[in-house]
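What follows is a set of notes on a single structure, which appears directly below.
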Amino acid sequence: MTYSAEQLLPGTRRALLHRIATAQSEGRAPSLVAAVRRQGQTVWSGARSCVDGHAPDGDTQFRIGSLTKTFTAVLVLRLRDEGLLDLEDPLEKHLPGTGVGDVTIHQLLGHSAGLGAESPAPWWERTPGTLRPELADVLGEQTRLHSPGHRHHYSNPGYTLLGALVEKVRGTSWAEVLRSEILEPLAMYRTGPQPQAPHAGGWAVHPWADVMLPEPAEDLGLMAPAGQLWSTTDDLLRFAAFLAEGDDRVLRTSSVEQMREPSAPGEPGDWQFNYGLGLQVVRSGNRTLIGHTGSLPGFLAALWISVEDDVAAVVLTNTTAGLMVSGVAADLVDIVAEAEPRIPEPWRPLPEVDAELLALTGPWYWGTRANVVRMAPDGGLELAPLQGVGRGARFIAQPDGSWTGLDGYYAGETLRVVRNSDGSVNHLDLGSFVFTREPYDPAAAVPGGVDEGGWRGL
């Protein structure tokens with residue numbers, strides 16, 4: 001039977017609705033809208049509102065706060081992929097005169113530059129950006145709280161600097177670069193710096209009484225790259241698909257995957273949270289979620305993706321506090337992934353085979369530890385312990401015939417095939433480790449040599 005993503009079971013749909021209804025009711029949110037994407041399409045959406053007949057839908061804009069940072073990070077990675085900068089470049093090389101020019105672009109992307117979390121008073125999220133006309137007004141006098149590169153410390157001013165970097169290199173505004181390089185290619189026509197009807201209004205709900213107060217919606221000025229955007233669930237699910245799979249019109253898949261890799265040590269004792277390059281990486285139960293949360297006065301947002309389960313969920317609401325949208329969005333992913341596990345694609349053989357590559361597959365021994373090398377569907381190699389847990393990695397071929405580790409213990413390490421004079425394989429050299437076809441193969445170049453007496457009993 002062919003599985004269609006549209007065929008979410010009635011029980012799954014009800015569980016999703018129950019979760020957001022409970023969240024809106026117990027969190028006392030004026031309105032809430034949510035949606036789930038799987039197999040390239042929206043498979044469920046739902047909404048709740050305190051006003052009958054006025055529930056938001058997938059086209060209703062909400063402010064998404066710090067979810068904006070992920071968009072800014074994509075723009076910076078595009079500059080890197082075009083060769084216009086390197087992530088290890090100091091900021092001063094491309095954006096001189098900030099006073100913090102020694103921090104690297106990589107550190108800014110991963111919030112490890114040691115900058116403060118907020119700009120100087122008054123509270124930037126609730127006041128006009130015109131109060132901070134220069135970068136010095138955003139950074140303030142105490143620009144450093146920590147040594148760069150040593151710890152994760154979330155910084156909104158850091159993403160203001162990245163937005164200014166984009167503008168400097170591109171020679172036009174951050175908003176225009178965003179529109180032309182991300183929003184238009186991904187058909188995110190309902191996402192932008194300013195609200196366009198239909199959009200929700202932001203509200204503060206009194207913590208001890210069922211009454212509300214409208215929140216101002218300020219233009220954040222220079223702080224826009226840290227939290228300005230408005231968007232919809234429909235648009236954000238398109239963005240989720242891009243973050244899961246990549247899209248060469250915007251950013252190649254390998255760069256999107258790099259965004260998902262933890263970039264700096266987290267806070268002490270927090271083993272469930274990491275930050276990549278513009279993406280939060282969290283553990284929720286038994287699965288890893290990537291995405292971002294966002295908040296501005298009057299609005300909360302969360303977008304989580306389980307790449308392994310091929311499920312993405314977004315939750316948007318118009319309340320300042322009282323509702324943990326991050327947990328709600330994570331629960332929506334879990335509901336679908338647990339109730340209806342991903343159906344694997346049919347196995348299919350490769351269209352062609354590289355005979356030399358095929359000859360490298362099978363068992364290899366590091367000393368006496370058995371490992372196995374397999375051909376990956378993408379033409380790479382995969383090394384893994386034959387049994388149990390141990391060191392392994394995926395490898396990608398290089399033009400000189402070597403292989404580079406992509407993950408695990410051997411990430412960045414070089415694998416070389418060492419051959420005999422007749423062209424046959426003698427051993428594999430992986431970062432100085434010798435892998436042989438037999439345990440301590442006497443015919444291979446084993447460091448320290450192999451005892452001439454060979455294997456023996458007691």
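Quick note: the coordinates plus some simple rules give every number you see, no bench work behind them. Nothing here was measured: the structure is a model prediction, and the numbers come from that model. All Cβ positions, even for glycine, are placed from backbone atoms using ideal geometry, and neighbour counts span all protein chains on display.
Before moving on, here are some points about what is shown:
- Restricting the trypsin sites (Lys or Arg not before Pro) of the range 365-458 to loop positions (DSSP other than H, G, I, E, B) with no more than 13 neighbouring Cβ atoms within 10 Å leaves Arg456.
- Relative to the dominant Cα principal axis of the chain, helix 233-245 is inclined by about 10°.
- Whole-number D in µm²/s for the chain (Stokes-Einstein; Kirkwood sum over Cα pairs; 37 °C, 0.692 mPa s): 134 µm²/s
- The order of His106, His206, going from fewest to most other C-beta atoms within 10 Å of their C-beta, is His206, His106.
- In order through the range 331-341: 3J(HN,Hα) via Karplus (6.51 cos²θ - 1.76 cosθ + 1.60), integer Hz, x for Gly, Pro: 5, 4, 4, 4, 4, 5, 5, 7, 6, 9, x
- The string of couplings for the range 172-185 from the Karplus curve (6.51, -1.76, 1.60, θ = phi - 60°) is 8, 6, 4, 5, 5, 4, 4, 4, 7, 9, 10, 5, 5, x Hz, one whole number per residue in order, with x for Gly and Pro.
- Percent of Cα pairs exceeding the 26 Å cut-off, where the set is the range 312-458: 47 percent
- The sum of -39500 (n - 2.57) across all DSSP H runs of n ≥ 4, divided by the residue count of the chain, sets its helix-only mean residue ellipticity at 222 nm to -6500 deg cm²/dmol.
- With Cα atoms, 0 to 90° folded angle of helix 156-170 axis to the chain main axis: 80 degrees
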